[in-house]
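The values are calculated or read from the model by the stated rules, or taken from the named source; none is laboratory data. Because the structure is predicted, anything quoted here is derived from the model rather than measured. All Cβ positions, even for glycine, are placed from backbone atoms using ideal geometry, and neighbour counts span all protein chains on display.
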Amino acid sequence: MHFSPSILAAPRQSLIVNQQLQQAITFLQMSNSELQAFMESQADENPFIHLKRHSDPVAGHPRGVRSASGQDWDRIGALADTSGPSLYAHIAAQIAALDLDGREYVLAEVFLESLAPSGWLDASLTEIALRAGVDPCIAEAMLLRLQKFEPTGVFARDLSECLRLQAAERGLLSPAFEKLLKNLPMLAAAELPALCRVCGTDMDGLRGMLRELRSFNPKPGAEFEQGELPLRAPDLLVDALAQGGWRLELNNSTLPAITVRETDMGRKPKAASADYIAERLSVARWLSRAVQYRNQTVLRIGAEILRSQSAFFKNGPDHLRPMILKDVAEAVEVHESTVSRVSNAVTMATPFGVMALKRFFSAALPGQDGEADSAEAIRARIKRMIQSEPVGRPFSDETLVHMLGKEGVSVARRTVAKYREQLRIPTSALRRRQAILSAQ
């Protein structure tokens, strides 16, 4: 066999991802608010970029109203701001009222940073002492001071301590109540006769303590959370039309219009060269086109989801149909990765709440009538069934399987158990125990 060097030429195609293409891909992964923040930073640096907010109030037109000419107004801004101070601000104000020296204040700030939304500490006392550079005894003394803050129960290290602080404030911390708080696992397991023996009381006495215990707040920080409000304003808005059908639009209150000021040089640096002007103007033009393409892509994907999931918008989560990224990508004529990026970033205000677009995509499960059901719709049905179960007689996973079968949905028991766990719903045995405790 003879080997000799040779040169072979063959054509090859490759995609060069330049900086502009990378930025365009990044735009698809941004929500409206994230894109707005990015464009504001660009407008600060580029004298040719001008941002105009759609939500700027205009004389004669109140916020939150659509004018006869069809101009958009800020519907989100029309809502009353009913939010109060955050837990962080509430506790920070109480810390500021203490007479603390420099080192004590630093330690208190470390405690504040370790506070979870529930009001409990999210770090151990040893970790907090190390971060503050103090002795654990000093940290513990500070903890005792902070645990006197309102609402009672904040800075607790666990559920037992949280409830103990509230019992002490109400003067209920008897020896029997102390033993009850030390044996909360027995209470969770509904071992009431054994709990009576541990606490040294009869069933009537235990019921009295349980009534007091149910009046406590196990998560005192939760009252500062706005759980019913979306984490951010939706990116797409869906409205039902009077003549039937739906209207889809971008939430322009969170997305300013971009204008390229090609002739206005008022912000141009005095010593700016021709190269600088050309480069900044080119960037401004490209950003305007990229944002316009992003918005059009988001609208096209949102419109296809609205068309494919029309049953959901009419009847609710039980009617979500199976849909995968490929279905939308083919309909909109974009790559599946584009649909994936948009669906992970963008949210839509629907008649049934604000939802991320990715929630509309769900695998298909076979139905008894030959039609496929989506996993998301089955989860919604399981949740509805459990919410309507008789008090004290919760449905087992096997019962849920039979109930779903009567509705034409064929699933295995392990699938029901998996979906129930994804919904963070306990087993039927735990739900039965919770019902027993609630009846005490």
(message) Being small (Gly, Ala, Ser) and part of a helix (DSSP H, G or I) is the filter here; which residues of region 127-142 pass it?
(response) ALA129, ALA132, ALA139, ALA141
(message) Filter region 111-125 down to the residues that are in contact with a helix residue (DSSP H, G or I) (Cβ under 6 Å, 6 or more places away or on another chain) and among the hydroxyl-bearing types (Ser, Thr, Tyr) and list them by number.
(response) SER114, SER118
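If a residue has to be hydroxyl-bearing (Ser, Thr, Tyr) and under 23 Å from the mean Cα position of the chain (by Cα) to count, how many in region 112-139 make the cut? It would help to see each step written out before you state the result.
Of all residues in region 112-139, those hydroxyl-bearing (Ser, Thr, Tyr) come to 114, 118, 124, 126.
Filter again for under 23 Å from the mean Cα position of the chain (by Cα), leaving 114, 118.
So the answer is 2.
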(request) Considering only residues that are more than 19 Å from ILE138 (Cα to Cα) and modelled with pLDDT of 85 or more, look in region 82-115 and name the one that is surrounded by the most Cβ atoms within 10 Å (Cβ to Cβ). (result) ILE91
(request) Sort out which residues of region 175-196 are surrounded by fewer than 13 Cβ atoms within 10 Å (Cβ to Cβ) and more than 26 Å from SER428 (Cβ to Cβ), and write them in order of number. (result) PRO175
(request) Select from region 113-126 the residues that are under 10 Å from LEU87 (Cα atoms) and not in a loop (DSSP other than H, G, I, E, B) and list them in ascending order. (result) LEU115
(request) Would you mention how many residues in region 314-323 are buried (at least 17 other Cβ atoms within 10 Å of the Cβ) and at pLDDT 85 or above? (result) 0
(request) Considering only region 403-440, state which residues are exposed (fewer than 12 other Cβ atoms within 10 Å of the Cβ), among the charged types (D, E, K, R) and modelled with pLDDT of 80 or more. (result) LYS406, ARG414, GLU421
(request) Scan region 373-402 residue by residue and report those that are surrounded by 14 or more Cβ atoms within 10 Å (Cβ to Cβ), small (Gly, Ala, Ser) and modelled with pLDDT under 80. (result) SER374, ALA375, ALA377
(request) Among the residues of region 9-57, count how many are modelled with pLDDT under 80 and either in contact with a strand residue (DSSP E or B) (Cβ under 7 Å, 6 or more places away or on another chain) or outside any helix (DSSP H, G or I) (or both). (result) 17
(message) I need a count of the residues in region 171-190 that are at pLDDT 85 or above and part of a loop (DSSP other than H, G, I, E, B).
(response) 5
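So which helices (runs of 4 or more DSSP H) stay within region 298-355 end to end and still have 2 or more residues that are over 27 Å from GLN36 (Cα atoms)? It would help to see each step written out before you state the result.
Numbers: elements: 310-315, 325-332, 336-345.
Helices (runs of 4 or more DSSP H) meeting the threshold: 310-315, 325-332.
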(message) Among (1) in contact with a helix residue (DSSP H, G or I) (Cβ under 8 Å, 6 or more places away or on another chain); (2) within 30 Å of VAL354 (Cβ to Cβ); (3) outside any loop (DSSP other than H, G, I, E, B), there is one condition ALA222 misses while meeting the rest; what is its number?
(response) (1)
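For region 99-157, which positions are among the β-branched types (Val, Ile, Thr) and under 25 Å from LEU181 (Cβ atoms)? Break it down into steps so the answer makes sense when it comes.
So the first thing to find is which residues in region 99-157 are among the β-branched types (Val, Ile, Thr), and the list is 106, 110, 126, 128, 134, 138, 152, 154.
Within region 99-157, THR126, ILE128, THR152, VAL154 meet the criteria.
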(request) Please specify each residue of region 145-170 satisfying the condition of being part of a helix (DSSP H, G or I), under 19 Å from GLY205 (Cβ atoms) and in contact (Cβ under 8 Å) with a residue 24 or more places away in the chain. (result) LEU163, ALA167
